[in-house]
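A.B. asks: Have a look at this one before I ask anything.
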Amino acid sequence: MRASATTDAPAGTNADTIAVGVFEDEGIAHDLEGGPLTALLHSGEARPRLKHLALHHAGGRRWVLAGLGRRDAFDPERARVAAATVQGRARELGARVLCWELPHHVADDVAAALVEGTILAGYRFDRYRATPEEEPRALEEIVVSAHHDVADAVHRGAVGARAQNLARELQDTPANDLTPMALGGRAQEIAGVEVEVHGREWLVQERMGALLAVAQGSDHEPALIVARYDGGGEGPLLGLVGKAVTHDTGGISIKPAATMHEMKFDMSGGAAVLGALQAIAALELPVLVFADAGTTENTISGAAVKPGDIVRARTGTTIEVNNTDAEGRLVLCDCLAYAVEQGAERLVDIATLTGGIVTALGSTYAGLFATDDELAATVTAAGEAAGELVWRMPLHAEYDEQMKGRYADLVNSDGRKAHPIQGASFLKRFVGDVAWAHIDMAGTSNDTGRAYAAKGGSGWGVRLLLELAREEARKASV
């Protein structure tokens, strides 16, 4: 879907469908001759309630009045919801070009959000289906009309939404097609980023014994996807690390059958990192980024890692594997150690790590753990700006004690007590003195119910990591 901005009035564009937002206790800023849009409001057919729509035809165009709620409660996230709602109606109507009239007196971020909501709501994953006989025509272009130039915001919104849709496509692809090496191949398609994909032999040479332990039960070759982006910035090297387990049965500590089909989403952290890299490169942000994603299956065979096995991570730390379904931290610990060795100065990992965080926070917030208050504040602010919220969780020396092993340096799991914090405390052992943040996104990765990404992979984390990179670029330029 194309996206553009204009200072022409909506009626002066080539749009066949025009969306006009309506706030509570406010009228129509630019009505048509005779006041038909105001009449819709007065009749009650159009209402200012968020997500309420009303339709008017005039001059060979469709005019959609979209409720935006109260102005003082309106923000970019509500703009995304409103845009997704309008996109759905426009699709039903067979619209080709949709123009949003940017509401007066809102920030440029709202223009970006209108584009994001429209493009995200237009995502479809139907490659495995026969084409329906009467498929509605897809929207081809979104235009934002404003009194001032919002082209930069519109471009940023479009780039970010397309990158998020890339992450969603990767998430939704079944594990029999998106094997670890296939994911590596998709990573190598990202323009403007240097990507290497290292297989099992390299992992053995590099002593990544924790990742390899997870991989040993699968016939599909594991990989470490390594990516570098040089935007010419002078700031610290930003490290992004993603968990990319393309399917997780739980291993011998097997998961319940009822939801195991959803375990293709266990690579969502890696998908978020790859999506963010695509957007960072497309926007040519002046930052330096090192990223890696450990990708493997966690499955069952005669060779699979067993509860009670002891494995050695890249750092030489020994780990007693008490729970083969706590495999994400085994994958991530080697990835984090490698990122530190490659010079990452600020490090953020993102992973579908624990079911406990879903119980605690649901799909509204992801869990945030951090060793550095400034980095935690920056990640939190990036999430708020992106509409991808995080809630900081505690770290404490007592949790570190909990992770000490009986027969090895560490255990990978110590039961259900504080399980999300266990994972973070475990990972903290592998980042040294580098400022580090861990995002547990297990509750936000898929089926979030949001208007623009209701079902399937959500692509959550792409916008947050992109906003984090934008903030790093701003800091470096000061």
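A.B. asks: Give me the pairs: first residue in region 188-208 and over 13 Å from Cys335 (Cα atoms) and open to solvent by less than 50 Å² (accessible area, probe 1.4 Å), second residue of a type in the set (Ser, Thr, Tyr) and at pLDDT 95 or above, beta-carbon distance under 6 Å, and six or more apart or on different chains, which are they?
C.D. replies: Val193/Tyr229
A.B. asks: Take Glu471 and decide whether it is open to solvent by 50 Å² or more (accessible area, probe 1.4 Å), closer than 20 Å to Leu277 by Cβ and of a type in the set (Asp, Glu). Break it down into steps so the answer makes sense when it comes.
C.D. replies: On the way: open to solvent by 50 Å² or more (accessible area, probe 1.4 Å): yes; closer than 20 Å to Leu277 by Cβ: yes; of a type in the set (Asp, Glu): yes.
For Glu471, the condition - open to solvent by 50 Å² or more (accessible area, probe 1.4 Å), closer than 20 Å to Leu277 by Cβ and of a type in the set (Asp, Glu) - is met.
A.B. asks: Say we look at region 227-240 and pick out the residues that are part of a loop (DSSP other than H, G, I, E, B) and in contact with a helix residue (DSSP H, G or I) (Cβ under 8 Å, 6 or more places away or on another chain); which of these is most open to solvent (accessible area, probe 1.4 Å)? Outline the logic, then answer.
C.D. replies: Filtering region 227-240 for residues part of a loop (DSSP other than H, G, I, E, B) gives 231-237.
Then keep just the ones that are in contact with a helix residue (DSSP H, G or I) (Cβ under 8 Å, 6 or more places away or on another chain); that gives 231, 233-236.
Numbers: Gly231: 28, Gly233: 17, Glu234: 169, Gly235: 23, Pro236: 52 Å².
Going through the qualifying residues, I end up with Glu234.
A.B. asks: Based on what the data block shows, is Lys243 open to solvent by 20 Å² or more (accessible area, probe 1.4 Å) and either farther than 23 Å from His155 by Cα or among the small types (Gly, Ala, Ser) (or both)? First the steps, then the outcome.
C.D. replies: Working: open to solvent by 20 Å² or more (accessible area, probe 1.4 Å): no; either farther than 23 Å from His155 by Cα or among the small types (Gly, Ala, Ser) (or both): yes.
Against the criterion (open to solvent by 20 Å² or more (accessible area, probe 1.4 Å) and either farther than 23 Å from His155 by Cα or among the small types (Gly, Ala, Ser) (or both)), Lys243 does not qualify.
A.B. asks: Test Pro174 against the criterion of being modelled with pLDDT of 95 or more and farther than 26 Å from Leu285 by Cα, and give yes or no. Steps first, please.
C.D. replies: Numbers: modelled with pLDDT of 95 or more: yes; farther than 26 Å from Leu285 by Cα: yes.
Against the criterion (modelled with pLDDT of 95 or more and farther than 26 Å from Leu285 by Cα), Pro174 qualifies.
A.B. asks: Evaluate region 219-226: report whether one residue or more is open to solvent by 10 Å² or more (accessible area, probe 1.4 Å) and of a type outside the set (D, E, K, R). Show your work before the answer.
C.D. replies: Of the residues in region 219-226, the ones open to solvent by 10 Å² or more (accessible area, probe 1.4 Å) are 219-221.
In the following step, the residues that additionally are of a type outside the set (D, E, K, R) were identified as 220.
Checked against the condition, which is being open to solvent by 10 Å² or more (accessible area, probe 1.4 Å) and of a type outside the set (D, E, K, R), region 219-226 yields at least one hit.
A.B. asks: So, in region 2-24, of the ones that are assigned to a loop (DSSP other than H, G, I, E, B) and either open to solvent by less than 40 Å² (accessible area, probe 1.4 Å) or free of Cβ contacts under 8 Å to residues at least 24 places away in the same chain (or both), which residue ends up farthest from Arg89 (Cα to Cα)?
C.D. replies: If we filter region 2-24 for residues that are assigned to a loop (DSSP other than H, G, I, E, B), which is where we start, we get 7-9, 13-16, 24.
Then drop every residue that is not either open to solvent by less than 40 Å² (accessible area, probe 1.4 Å) or free of Cβ contacts under 8 Å to residues at least 24 places away in the same chain (or both), which leaves 13, 15-16.
Working: Thr13: 20, Ala15: 15, Asp16: 13 Å.
Among those residues, the one meeting the criterion is Thr13.
A.B. asks: From the list Gly432, Gly443, Gly405, which residue is more than 21 Å from Val241 (Cα to Cα) and either small (Gly, Ala, Ser) or crowded, with 20+ Cβ neighbours inside 10 Å (or both)?
C.D. replies: Numbers: Gly432 fails: more than 21 Å from Val241 (Cα to Cα); Gly443 fails: more than 21 Å from Val241 (Cα to Cα).
Going through Gly432, Gly443, Gly405 in turn, the sole match is Gly405.
A.B. asks: Can you tell me how many residues within region 284-304 are crowded, with 20+ Cβ neighbours inside 10 Å and either under 25 Å from Ile357 (Cα atoms) or not hydrophobic (A, V, I, L, M, F, W, C) (or both)?
C.D. replies: Number of matching residues: 9.
A.B. asks: Any chance you could count how many residues in region 418-429 are of a type outside the set (A, V, I, L, M), more than 16 Å from Leu347 (Cα to Cα) and either within 20 Å of the chain's Cα centre (by Cα) or open to solvent by 10 Å² or more (accessible area, probe 1.4 Å) (or both)?
C.D. replies: 2
A.B. asks: Step by step: first the residues of region 380-402, then only those that are over 24 Å from Leu330 (Cα atoms) and touching a strand residue (DSSP E or B) at 6+ places or on another chain (Cβ under 7 Å), then the one that is least open to solvent (accessible area, probe 1.4 Å). Which residue is that? Walk me through how you get there before you give the answer.
C.D. replies: Just the residues of region 380-402 that are over 24 Å from Leu330 (Cα atoms), to begin with: 380-389.
When the remaining residues are screened for being touching a strand residue (DSSP E or B) at 6+ places or on another chain (Cβ under 7 Å), the result is 380, 383, 389.
Values: Thr380: 39, Gly383: 0, Leu389: 52 Å².
The qualifying residue least open to solvent (accessible area, probe 1.4 Å) is Gly383.
A.B. asks: When you scan region 159-175, do you find a residue that is more than 25 Å from Met263 (Cβ to Cβ), in contact (Cβ under 8 Å) with a residue 60 or more places away in the chain and buried (at least 24 other Cβ atoms within 10 Å of the Cβ), even just one?
C.D. replies: Yes, some residue in region 159-175 is more than 25 Å from Met263 (Cβ to Cβ), in contact (Cβ under 8 Å) with a residue 60 or more places away in the chain and buried (at least 24 other Cβ atoms within 10 Å of the Cβ).
A.B. asks: Would it be correct to say that Ser413 is assigned to a loop (DSSP other than H, G, I, E, B), open to solvent by 40 Å² or more (accessible area, probe 1.4 Å) and either closer than 30 Å to Ala113 by Cβ or small (Gly, Ala, Ser) (or both)?
C.D. replies: Numbers: assigned to a loop (DSSP other than H, G, I, E, B): yes; open to solvent by 40 Å² or more (accessible area, probe 1.4 Å): no; either closer than 30 Å to Ala113 by Cβ or small (Gly, Ala, Ser) (or both): yes.
Criteria not met by Ser413.
A.B. asks: Now a separate question. Tell me which of these Asn412 doesn't satisfy, since it passes every other one: (1) without any contact (Cβ under 8 Å) to a residue 60 or more places away in the chain; (2) touching a Leu at 6+ places or on another chain (Cβ under 8 Å); (3) farther than 30 Å from Val81 by Cα.
C.D. replies: Only one criterion in (1) without any contact (Cβ under 8 Å) to a residue 60 or more places away in the chain; (2) touching a Leu at 6+ places or on another chain (Cβ under 8 Å); (3) farther than 30 Å from Val81 by Cα is unmet by Asn412, namely (1).
A.B. asks: Inspect all residues belonging to region 260-268 and state whether any of them is farther than 19 Å from Met181 by Cα, in a loop (DSSP other than H, G, I, E, B) and out of contact with any His (no Cβ under 6 Å at 6 or more places or on another chain). Don't jump to the end; show me each part of the working.
C.D. replies: Of all residues in region 260-268, those farther than 19 Å from Met181 by Cα come to 260-262.
Now restrict to residues that are in a loop (DSSP other than H, G, I, E, B): none.
Scanning region 260-268, I find no residue that is farther than 19 Å from Met181 by Cα, in a loop (DSSP other than H, G, I, E, B) and out of contact with any His (no Cβ under 6 Å at 6 or more places or on another chain), so the answer is no.
A.B. asks: Out of Leu347, Leu361, Leu353, Leu336, I need the residue that is surrounded by fewer than 24 Cβ atoms within 10 Å (Cβ to Cβ), within 27 Å of the chain's Cα centre (by Cα) and within 30 Å of Gly160 (Cα to Cα). Which one? Don't jump to the end; show me each part of the working.
C.D. replies: Details: Leu347 fails: surrounded by fewer than 24 Cβ atoms within 10 Å (Cβ to Cβ); Leu353 fails: surrounded by fewer than 24 Cβ atoms within 10 Å (Cβ to Cβ); Leu336 fails: surrounded by fewer than 24 Cβ atoms within 10 Å (Cβ to Cβ).
None of the other options fit; the residue is Leu361.
A.B. asks: Hey, another quick one. Find all pairs meeting these conditions: Cβ atoms under 8 angstrom apart; at least six residues apart or on different chains; first residue within region 232-254 and over 18 Å from Leu468 (Cβ atoms) and without any contact (Cβ under 8 Å) to a residue 60 or more places away in the chain; second residue open to solvent by 10 Å² or more (accessible area, probe 1.4 Å) and among the basic types (Lys, Arg).
C.D. replies: Thr249/Lys255
A.B. asks: Still on this structure, please answer the following. Based on what the data block shows, is Ile280 over 18 Å from Pro174 (Cβ atoms) and in a helix (DSSP H, G or I)?
C.D. replies: Details: over 18 Å from Pro174 (Cβ atoms): yes; in a helix (DSSP H, G or I): yes.
Judged against the criteria, Ile280 is a match.
A.B. asks: Right, next: Filter region 39-83 down to the residues that are of a type in the set (Lys, Arg) and over 24 Å from the mean Cα position of the chain (by Cα) and list them by number. Please lay out each step first, then the result.
C.D. replies: First, pick out the residues of region 39-83 that are of a type in the set (Lys, Arg): 47, 49, 51, 61-62, 70-71, 78, 80.
If the condition is that a residue be of a type in the set (Lys, Arg) and over 24 Å from the mean Cα position of the chain (by Cα), then Arg47, Arg49, Arg61, Arg62, Arg70, Arg71 are the ones that fit.
A.B. asks: Evaluate the following for Ala29: is it in contact with a helix residue (DSSP H, G or I) (Cβ under 7 Å, 6 or more places away or on another chain), in contact (Cβ under 8 Å) with a residue 40 or more places away in the chain and either within 29 Å of Gln164 (Cα to Cα) or not β-branched (Val, Ile, Thr) (or both)? Please lay out each step first, then the result.
C.D. replies: Numbers: in contact with a helix residue (DSSP H, G or I) (Cβ under 7 Å, 6 or more places away or on another chain): no; in contact (Cβ under 8 Å) with a residue 40 or more places away in the chain: yes; either within 29 Å of Gln164 (Cα to Cα) or not β-branched (Val, Ile, Thr) (or both): yes.
Here the answer is no, as Ala29 does not meet what is asked.
A.B. asks: Considering each residue of region 152-192, count those that are within 29 Å of Val110 (Cα to Cα) and part of a loop (DSSP other than H, G, I, E, B), and give that number.
C.D. replies: Let us first name the residues in region 152-192 that are within 29 Å of Val110 (Cα to Cα), namely 152-172, 190-192.
From what's left, part of a loop (DSSP other than H, G, I, E, B): 190-192.
Of the residues in region 152-192, 3 are within 29 Å of Val110 (Cα to Cα) and part of a loop (DSSP other than H, G, I, E, B).
The values are calculated or read from the model by the stated rules, or taken from the named source; none is laboratory data. Everything numeric in this text was worked out from a predicted model, so none of it was measured. Glycine gets a Cβ as well: all are built from the backbone with ideal geometry, and neighbour counts include every protein chain shown. When the accessible area is computed, the model is the full protein with side chains, heavy atoms only, and any ligands, DNA or RNA have been set aside. Shrake-Rupley method; radii C 1.70, N 1.55, O 1.52, S 1.80 Å.
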